[in-house]
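Data block below; observations after.
The values are calculated or read from the model by the stated rules, or taken from the named source; none is laboratory data. These numbers were taken from a predicted model, which means no experiment stands behind them. Here the Cβ positions follow ideal geometry from the backbone for every residue, glycine too, while neighbour counts run over all protein chains shown.
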Amino acid sequence: MILIVDDQENNIYALKKLLENWDFEVDKAFSGEEALSKVLKNNYALIILDVQMPGMDGFEVAEALCGYSKTKDIPIIFLSAVNTHKRFIKRGYESGGIDYVTKPVDQDILMLKVKTFYRLYEQTKALNETKQALINEIDERKKVQQQLKDKVEFLNATLESLPQLAFTLDHFGNLDFVNEHWLMYADKLHFPTPHPDDFDLVFLFDLLKESENPLEREVRLKKLDGKDYRYHLLRVIPFKIGHNTLRWVGTFTDIHEQKLAEIKKDEFLSIASHELKTPLTSIKAYVQLLERTIESQECCPAEGYIRKVNCQVEKLNVLIADLLDISKIENGKLQIRPSLFNLEKLIDEVVETTKHSFDHRDLTIIKNGEIIGDVWADEMRIEQVLINYLSNAVKYNPSNNTIRIFTEKFDNEIKVNITDYGLGIPDSKKPFLFNKFYRVEETSMRFQGLGIGLYICSEIINKHNGTVGVESEEGQGSTFYFTLPTN
Ligand code: ADP
């Protein structure tokens, strides 16, 4: 929009008509004061200013406009019929005008000037806007860069203050940060050298790339100037931005003391179980001898006592065997000795053993399903799993004596299901049943146990590359199953 400032209405009228003919939007002010108040409210691309006006003259108006940041860049053309002397023209330019036109005005020349200044103003304005947008963007980028820098510094300071060996890996698996602690074990560019029997850190990045999941490994590391290896726990976590894994952050935590204590505990458990087992085995043998001796005499109360002792000895035996198994599992020494055996026969034997162990209960154990025949597995260990499932089915089923064993045959595996109609298991507890030392709190006070039977079963079946699981409804009963691959 163009503002015409003139105290003579005729002048304004003529100029307005001329400009409107050229499609310019026009506004008018009849005094310098009115012009000043209008420019603060509206946006003008050009001001055509009469020099001689009562009150503020054109020069004063132009000087005032130069003082406001909003108006200082608006081009001003002075228009004067009276003050045509060079002195006035000079003053006009000095007060901020970009042109000084004297009357009579050549309309064509005036219009050319108006159009040029108008376009120039529009272009300058657009340029200024672009410049401002660029400045804003640069400021924003600087701010973000600073924030990023602060974050990286914070992360580095955090990693630096950790008592662990800490590092970060870039997208290509190169070390791009290590803390001071690290330098006791390796230089800035390499991983510490692990014990030759442990996980080789050369393959670490391959593993990380494969899964994009956090990773944990135990490795023994040696200080650069040391002789002995110490156990460390390596933990690596991926840093994700969107779906792209950008880098990884990791730590090696010294767990040497805990590890030694754990090894000692396992050794103790193993020795204690062995020590307990030896006298127990001979007690068991003598009790059986006694039982046989007494069996020949009729109505002897000692026979009942001996049977009870025998039963307790058997429980102790199972307990110790389980503890021994736990320490074997912990040490990775649980061995599977497979052979070909008949599963139906084994199940029949286990059913008999279970009935015998719970002879105070009038158990009905029904076996049906497909005939499996021979399987290739560790017979003693599978027997152990069957006994465990069946004894649990009896134990956690105090008011129902029926148990079903159902066998199934698939293309690549067989499945054995043992169903009871007892207490069942709450949904929230099912995922933990096969964990070490886990017992369902709701029933743990009523029934004796250590919570290791199912854990051992799952380890045995895992070693056979099979699976374990449970389906259960609270109050209705449970079906525990295991599968074994047939190929
Ligand atoms: P334990 O029986 O010695 O506690 P297990 O490892 O054999 O240890 O079983 C773990 C837990 O699983 C048990 O404490 C019990 O809460 C639950 N559980 C196992 N079998 C059954 C079952 N057939 N019915 C209901 N709960 C069961």
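Restricting region 1-21 to residues that are acidic (Asp, Glu) and surrounded by 15 or more Cβ atoms within 10 Å (Cβ to Cβ), which is farthest from Lys115 (Cα to Cα)?
Among those residues, the one meeting the criterion is Asp7.
Which of the residues belonging to region 422-453 are within 10 Å of the ligand (Cβ to nearest atom), in a loop (DSSP other than H, G, I, E, B) and over 20 Å from Glu330 (Cβ atoms)?
Gly422, Leu423, Gly424, Ile425, Pro426, Val440, Arg446, Phe447, Gln448
Please pick out the residue among Phe88, Phe24 that is out of contact with any Asp or Glu (no Cβ under 8 Å at 6 or more places or on another chain), surrounded by 16 or more Cβ atoms within 10 Å (Cβ to Cβ) and in a loop (DSSP other than H, G, I, E, B).
Phe24
Rundown of residues vs (1) basic (Lys, Arg); (2) buried (at least 18 other Cβ atoms within 10 Å of the Cβ); (3) closer than 20 Å to Leu340 by Cβ, yes/no style:
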site: Ile371; (1), (2), (3): no, no, yes
site: Val375; (1), (2), (3): no, yes, yes
site: Ile382; (1), (2), (3): no, yes, yes
site: Asn388; (1), (2), (3): no, yes, no
site: Val394; (1), (2), (3): no, yes, no
site: Asn401; (1), (2), (3): no, no, no
site: Ile405; (1), (2), (3): no, yes, no
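Quick one: in region 386-400, which of the residues that are within 22 Å of Glu314 (Cα to Cα) and assigned to a loop (DSSP other than H, G, I, E, B) is farthest from the ligand (Cβ to nearest atom)?
The qualifying residue farthest from the ligand (Cβ to nearest atom) is Pro398.
Which one is surrounded by the fewest Cβ atoms within 10 Å (Cβ to Cβ) among residues in region 445-475 that are at pLDDT 95 or above and polar (S, T, N, Q)?
Asn465
Give me the pairs, please: first residue somewhere in region 460-487 and farther than 14 Å from Ile382 by Cα and part of a loop (DSSP other than H, G, I, E, B), second residue anywhere and among the hydroxyl-bearing types (Ser, Thr, Tyr) and within 16 Å of the ligand (Cβ to nearest atom), beta-carbon distance under 9 Å, and either six or more positions apart or on two chains.
Gln476/Tyr421
Please determine whether any residue of region 269-288 is in a helix (DSSP H, G or I) and within 41 Å of the chain's Cα centre (by Cα).
Yes, because at least one residue in region 269-288 is in a helix (DSSP H, G or I) and within 41 Å of the chain's Cα centre (by Cα).
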